Structure formats: structure tokens, C-alpha cells
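No value in this document is a laboratory result; all are computed from the given coordinates. Note that the structure is a prediction, hence the values are computed from the model and not measured. Backbone-built Cβ (ideal geometry, glycine too); neighbour counts: all protein chains shown.
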Amino acid sequence: MSKKNLRKRKEELFRRKQGALDSMQSTFVDADVLINAITNENSSSFKFFESFRGKNRKILTSTHSIGEVVKFLYRIAGEEKHNPDYDINGSILAFKGLLDITNIEIVNFSENSGSILDEKVLVAGDRLEFKDALNVALAYENGCHSFCTFDKGITEETLRVLGMKRLEP
């Protein structure tokens, strides 16, 4: 096979794989659910993530949510001196494990996210905190079917208006 044909074949395989990923049912996961899963392997959040090992569902989260998780782990590491029973390395390994075993995609905000935030999300949920509204806009922009959070400020009604359902692990 020539280099040109090989390149075309690789591009075609990539498009097919991307199409399959795009057609998967997707759930946006907020930072509080990630934190709960990595700090307590017996939690409902951890079991929730195990359900995303298959090939027909994926998880989306934002770079902002990942930043919240990392900030939380650093804060806990600072407090570890006062709580010798807490194992920060175990939490870091659990976080890495979650990222490795699930169909998780970490997405960033685009130029379009701001207009979605203004035109749809803030109109649908006028009591949302700004950081939550950003994540809801990102979930909407990426075609998520559901939004998983413990946060009570993100209401079922707000998500329903945007075509999503609320999940709690």
C-alpha cells in the first residue's frame, strides 16, 4: 500500500472511530462526583463510574472540573500531616484509575460556550452559580444526554429545558 493510500486509510479509520464516539450516549460529570469516587471506593460514585466501562456510553468532564479535583487533592495533601490515616497516594492512584478505566473525555471551553451560556443556560437556570453554569453550557454544547452532580443548585428543571436529565450516582 502506498504512503498516500495508507494515510487515507488512517484518516478514514479515525473518522469512523470519531463518529462512533460522537454517537455514544454521553454524561457530563461534575467535580464533586469525581472527588467522591476517588476518596471513597465504596461510594455510589465509584460504582457509577464502573458502569461506563462499556463501548456505548462515555463521560465528559471539563478541564475546570479536573482542576477542582487536583486542587482538592493538594488541599488534602496539606492536611495529611494532621490526619495520618488519610493516604493521598491512594487517592491519586484512584483518580488515575478512573481516568484509565472509563470512556472519559476531558473537554475545554470554546468560543461558542460563552454564547450558549448567555443565550440558553442562564435563561434556563437563573439561580446557577457561574462555575456551574459554565459546566452546564459545556455539557449542552457537547450534546450530553445527562448531567451527574451532587450540587443542588443545578436543578432538574434547568437541565430538562436544555434537553438533559439529572443523575445522582
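What is the extension gain from ILE106 to ASP87, computed as 0.36 nm multiplied by their sequence separation minus the C-alpha to C-alpha distance, in nm to one decimal?
4.3 nm
Restricting everything to alpha-carbon atoms, can you work out Rg to Rh for the range 24-167 with a Kirkwood hydrodynamic radius?
Working: Rg = 15.6 Å, Rh = 15.7 Å.
In the range 24-167, Rg relative to Rh is 0.99.
For GLU157, put the label point 7 Å out on the Cα→Cβ axis and report which residues of the range 124-151 keep their amide N under 16 Å from it.
Inside the label zone: 124-129.
What list of ³J(HN,Hα) values in whole Hz, one per residue of the range 97-104 in order, does the Karplus curve 6.51 cos²θ - 1.76 cosθ + 1.60 (θ = phi - 60°) give from phi, with Gly and Pro shown as x?
Values, residue by residue: x, 4, 5, 6, 8, 10, 7, 10 Hz.
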